[in-house]
Amino acid sequence: MVEPVKQALNRANGRRTSKTPNPPDYDPLDLSSKMEYALIALLELATQTEKQPPLTIGGITAKHGIPDRYLEHILTILRRGGMVQSQRGSRGGYVLAREPWQISLLEVLALIDGARKVREQTPASTSERETIYAFWQQANTVSQTFLGNCTLQDLCQQLSERRQKSPMYYI
């Protein structure tokens, strides 16, 4: 990892040197609702056992309050991207096309939110602009590496741990 990025991460982890706080409602890695719904659907599919029937759009939307048509659109994108398979018929629905450990979050992000257009430097490049672009590229590289190393299986494990910490009791 590049040294300026390491220093920035150390400051972000509680060893900040600046007295100016971060803006309270600013998130540079914004999670779009489309990405959130895609990850919810993938988590639901990943936690299904092979003995259970395929999950239907209605089953997912009823549990999570996602609009049917929006989820249908998202699952179509995931199907075309090779992450899920659809099964037709009265017992049809959706299943994962690959194992959860084979699906990276970066792959899901690129598929759902699309490739982001890289902003090119202006022809009248200055040292200041070059410095800013280089630093921003380092930050992008760190986030891409992190999301590329995280898989759907990692999300499933965190979900399982979270559920174990706060068990639900039924009467």
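If packing is taken as the average number of other Cβ atoms within 10 Å across a peptide's residues, how do 143-153, 38-48 rank, most packed first? Don't skip to the answer; put the middle values down first.
Numbers: 143-153: 15.3, 38-48: 19.4.
The densest-packed peptide leads the list: 38-48, 143-153.
Listing ARG129, ARG162 from fewest to most neighbouring C-beta atoms within 10 Å gives ARG162, ARG129.
Evaluated at q = 0.17 Å⁻¹, the base-10 log of the normalised Debye intensity for the stretch 36-154, with identical point scatterers placed on the Cα atoms, takes the values -0.85. Residue exposure proxy: GLU50, GLU128, ordered by other Cβ atoms within 10 angstrom of their Cβ from fewest to most, comes out as GLU50, GLU128.
Values quoted throughout were computed directly from the atomic coordinates according to the rules given, and no laboratory measurement underlies them. Only a predicted model underlies this, so the values are computations on that prediction, with no experimental measurement involved. Note that each Cβ is placed from the backbone with ideal geometry, even for glycine, and that neighbours are counted across all protein chains shown.
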